[in-house]
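Q: The structure under discussion is supplied below as structure tokens; questions concerning it will follow.
The values are calculated or read from the model by the stated rules, or taken from the named source; none is laboratory data. On a predicted model such as this, the values are computed, not experimentally measured, just so you know. Note that we place each Cβ from the backbone using ideal geometry, even for glycine, and neighbour counts take in every protein chain shown.
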Amino acid sequence: MDYKKLQNGSDIRGVALEGIEGQHVNLTEEVCKNIGRGFAVWLKEKLGKTEIKVAVGRDSRLSGETLSNYITSAMVEEGIFVTDFGMASTPAMFMATVTEGFKFDGTVMITASHLPFNRNGFKFFTENGGLEKEDIKRILAIAEGNESTGFSKDSIVSGEFMDVYSKILADKIRNETGSDTPLKGFKIVVDAGNGAGGFYVEKVLEPLGADTTGSLYLDPDGSFPNHIPNPENKEAMESITNAVKKNNADLGIIFDTDVDRAGAVLSDGSELNRNRIIAMLSAILLREHPGTTIVTDSITSTGLAEFIKAKGGIHHRFKRGYRNVINESIRLNGLGQDSQLAIETSGHGALKENYFLDDGAYLVTKLLIELARGKKEGYTLESLISELKEPKESVEFRMNILLEDFKSYGQKVIDDLVEYAKTQDGWSLADNNYEGVRVNLNKDHGNGWFLLRLSLHDPLLPLNIESDELGGAKIIAKDLAKFIKNYDKLDAKALIEY
């Protein structure tokens, strides 16, 4: 077993159940126990303590309880005192490291986010946040060897934290609005997609007075029988949009499986995701923290940059990957440049005021505070982004690289495109670009922009195109295809035929 293959950035992910052709279980009992031992040894190295306590939680995946049993038993054998929280959300597992009365030395969340039902994995936290890539490498290296803590066997107990975490969120809304039931009179529907997010209805919304009639798929079911729990999934967004319209709701909320991401639907049935949710959170935070810097991933629109600037903020467009944007925001703060929000178009968003934790439930909580305030002060959520200029067209192509050494080939395509762009009329390289190559195009050449980048993990060159006029995306794609056709190890059929 090559444990390195289980690393997915700052997480561990693998196949936990048979069921999809060509995918074989690699999160076996032995592997999971070795990972548990690896985390125990890593904690001993980091903390220098002889008494270590760890909490473990899981989302609704079918394999979650089994994997939990494997990893907890291994940590107990290594002398770790383990508390099993059962069903939990990823953000709650971090909060268990910093909340008074808990303050675990480390926590483990068993999840594979929005991946298919047969996949699963592990996220790890300490009070400093989620572990970095190098930490995961070290844990997997320990797992592959035979290092041990040398501690005597400890024990495991059952615990509960979701009630505590939910009260933190509900109390924030109460404190910010000055009311015990600030959501009374509002109809709010939630689609949890049978993931771990159903708690938000019973433990947050209803105690605050909201009418949640019409909410969908709140019961955990790891087979995901209704749709993928993913705010980026078309079917999932159609589900919550229809629920908002059918129930005349004031707001619709959708979570991913482990609740570290969220999307929303406004009362008029319009989706609040990607650039729109970034714009709304930016508007809120720029009112609270004038001049702050908003860090986003690389594929945000030109209209969003203009919106943030008009609100008095600074837009810092960085790299894809939620850890990348979070760490960049933290870096800027360390240099003395205030940055209150780090957010990806995928819905991963982290706030400075909330430990830079990517927490979908916390983002929704910010929206609910604004919803309640707006009713009192005479404005709507929709009005906060009324000035956002949205592209007329937006399209993405994911071009497979047909080589084993895909990274060097993909980088060559990008490097060549940089030089090519310099020779083209109406094309201009974007300033301060941190990922791939981003090119702006004038009105005669599609009136928009494109970004070509190398995927973080897969043999792919994703290409994003946006235009501010109908038909502009086709013009951009056609001109770009002339360049891309020169690379025979790139599957660009969809782009060429577009």
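Q: Would you check if SER89 is within 20 Å of PHE117 (Cα to Cα) and in contact with a Leu (Cβ under 6 Å, 6 or more places away or on another chain)?
A: In short, no.
Q: What number goes with the only condition from (1) among the hydrophobic types (A, V, I, L, M, F, W, C); (2) assigned by TED's automatic domain parsing to the domain that holds LEU456; (3) at pLDDT 95 or above that LEU403 does not pass?
A: For LEU403, the exception is condition (3).
Q: Mind telling me which of the residues LYS352, LYS366, LYS443 ends up being buried (at least 20 other Cβ atoms within 10 Å of the Cβ), among the basic types (Lys, Arg) and modelled with pLDDT of 95 or more? Before the answer, list the steps.
A: Values: LYS352 fails: buried (at least 20 other Cβ atoms within 10 Å of the Cβ); LYS443 fails: buried (at least 20 other Cβ atoms within 10 Å of the Cβ).
Only one candidate qualifies: LYS366.
Q: Turning to a different aspect of this structure: Across the stretch 398-435, which residue is surrounded by the fewest Cβ atoms within 10 Å (Cβ to Cβ) among those that are in a helix (DSSP H, G or I) and hydroxyl-bearing (Ser, Thr, Tyr)?
A: That would be SER408.
Q: Among the residues of the stretch 161-183, are any within 30 Å of PHE81 (Cβ to Cβ), at pLDDT 95 or above and β-branched (Val, Ile, Thr)?
A: Taking the stretch 161-183 first, the residues within 30 Å of PHE81 (Cβ to Cβ) are 161-171.
Then drop every residue that is not at pLDDT 95 or above, which leaves 161-171.
With β-branched (Val, Ile, Thr) added as a condition, the list becomes 164, 168.
Checked against the condition, which is being within 30 Å of PHE81 (Cβ to Cβ), at pLDDT 95 or above and β-branched (Val, Ile, Thr), the stretch 161-183 yields at least one hit.
Q: Here's a follow-up. Any residue in the stretch 32-46 that's touching a residue at least 40 places away in the same chain (Cβ under 8 Å): show its pairings with residues that are assigned to a helix (DSSP H, G or I) and among the polar types (S, T, N, Q) at Cβ separation under 8 Å, as long as the two are six or more apart or on different chains.
A: The qualifying pairs are LYS33/SER73; GLY36/THR72; GLY36/SER73.
Q: What is the residue count in the stretch 446-470 for residues that are without any contact (Cβ under 8 Å) to a residue 40 or more places away in the chain and either within 20 Å of GLU306 (Cβ to Cβ) or surrounded by fewer than 16 Cβ atoms within 10 Å (Cβ to Cβ) (or both)?
A: Residues in the stretch 446-470 being without any contact (Cβ under 8 Å) to a residue 40 or more places away in the chain and either within 20 Å of GLU306 (Cβ to Cβ) or surrounded by fewer than 16 Cβ atoms within 10 Å (Cβ to Cβ) (or both): 4 in total.
Q: Could you identify the single residue in LEU281, LEU304, LEU332 that is assigned to a helix (DSSP H, G or I), touching a residue at least 40 places away in the same chain (Cβ under 8 Å) and within 19 Å of LEU357 (Cα to Cα)?
A: The unique qualifying residue is LEU281.
Q: Quick one: what pairs do we get from the stretch 360-381, first residue over 26 Å from SER89 (Cα atoms), second among the hydroxyl-bearing types (Ser, Thr, Tyr), C-beta under 7 Å, 6+ apart or different chains?
A: ARG373/THR177; GLY374/THR380
Q: Is it the case that some residue within the stretch 293-301 is more than 27 Å from ILE168 (Cβ to Cβ) and β-branched (Val, Ile, Thr)?
A: Looking for residues that are more than 27 Å from ILE168 (Cβ to Cβ) and β-branched (Val, Ile, Thr), one finds at least one in the stretch 293-301, hence yes.
Q: Right, here's the next one. Quick check on the stretch 156-181: of everything there that is over 28 Å from the mean Cα position of the chain (by Cα) and in contact (Cβ under 8 Å) with a residue 40 or more places away in the chain, which residue is nearest to LEU363 (Cα to Cα)?
A: Checking each candidate, the answer is SER179.
Q: Please tell me if LEU62 is among the hydrophobic types (A, V, I, L, M, F, W, C) and either surrounded by fewer than 24 Cβ atoms within 10 Å (Cβ to Cβ) or in a strand (DSSP E or B) (or both).
A: Yes.
Q: Shifting gears a bit: Given the condition part of a loop (DSSP other than H, G, I, E, B) and surrounded by 12 or more Cβ atoms within 10 Å (Cβ to Cβ), answer yes or no: does some residue in the stretch 371-384 qualify?
A: Just the residues of the stretch 371-384 that are part of a loop (DSSP other than H, G, I, E, B), to begin with: 378-380.
From the residues that got through so far, the ones that are surrounded by 12 or more Cβ atoms within 10 Å (Cβ to Cβ) too are 379-380.
Looking through the stretch 371-384, at least one residue is part of a loop (DSSP other than H, G, I, E, B) and surrounded by 12 or more Cβ atoms within 10 Å (Cβ to Cβ).
Q: Moving on to the next point. Would you confirm whether or not the stretch 68-75 contains a residue that is assigned to a loop (DSSP other than H, G, I, E, B), in the same structural domain as GLU21 (by TED's automatic domain parsing), under 26 Å from GLY360 (Cβ atoms) and of a type outside the set (D, E, K, R)?
A: The initial filter retains those residues of the stretch 68-75 that are assigned to a loop (DSSP other than H, G, I, E, B), namely none.
Taking every residue of the stretch 68-75 in turn, none turns out to be assigned to a loop (DSSP other than H, G, I, E, B), in the same structural domain as GLU21 (by TED's automatic domain parsing), under 26 Å from GLY360 (Cβ atoms) and of a type outside the set (D, E, K, R).
Q: Any idea which residue in the stretch 254-271 is surrounded by the fewest Cβ atoms within 10 Å (Cβ to Cβ), counting only those that are aliphatic (A, V, I, L, M) and more than 15 Å from the chain's Cα centre (by Cα)?
A: Result: LEU266.
Q: Taking the stretch 229-256, which residues are of a type outside the set (Val, Ile, Thr), more than 19 Å from GLU202 (Cα to Cα) and part of a helix (DSSP H, G or I)?
A: Matches in the stretch 229-256: LYS234, GLU235, ALA236, MET237, GLU238, SER239, ASN242, LYS245, LYS246.
A quick yes/no check of all residues on (1) closer than 30 Å to GLU202 by Cβ; (2) assigned to a loop (DSSP other than H, G, I, E, B):
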{"residue": "GLU134", "(1), (2)": "no, no"}
{"residue": "ALA141", "(1), (2)": "no, no"}
{"residue": "GLU147", "(1), (2)": "no, yes"}
{"residue": "GLY150", "(1), (2)": "no, yes"}
{"residue": "ASP154", "(1), (2)": "no, yes"}
{"residue": "GLU160", "(1), (2)": "yes, yes"}
{"residue": "ASP163", "(1), (2)": "yes, no"}
{"residue": "SER166", "(1), (2)": "yes, no"}
{"residue": "ALA170", "(1), (2)": "yes, no"}
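Q: Just give me the residues in the stretch 431-445 being within 30 Å of ASP405 (Cβ to Cβ) and free of Cβ contacts under 8 Å to residues at least 40 places away in the same chain, in sequence order.
A: Within the stretch 431-445, VAL437, VAL439 qualify.
Q: Among (1) closer than 21 Å to LYS5 by Cα; (2) out of contact with any Leu (no Cβ under 6 Å at 6 or more places or on another chain); (3) surrounded by fewer than 24 Cβ atoms within 10 Å (Cβ to Cβ), where does ALA112 come up short?
A: (3)
Q: Within the stretch 96-116, how many residues turn out to be assigned to a loop (DSSP other than H, G, I, E, B) and modelled with pLDDT of 95 or more? Break it down into steps so the answer makes sense when it comes.
A: Kept after step one, since they are assigned to a loop (DSSP other than H, G, I, E, B), are these residues of the stretch 96-116: 96-105, 111-116.
Add one more test, that the residue is modelled with pLDDT of 95 or more, and what stays is 96-105, 111-112.
Of the residues in the stretch 96-116, 12 are assigned to a loop (DSSP other than H, G, I, E, B) and modelled with pLDDT of 95 or more.
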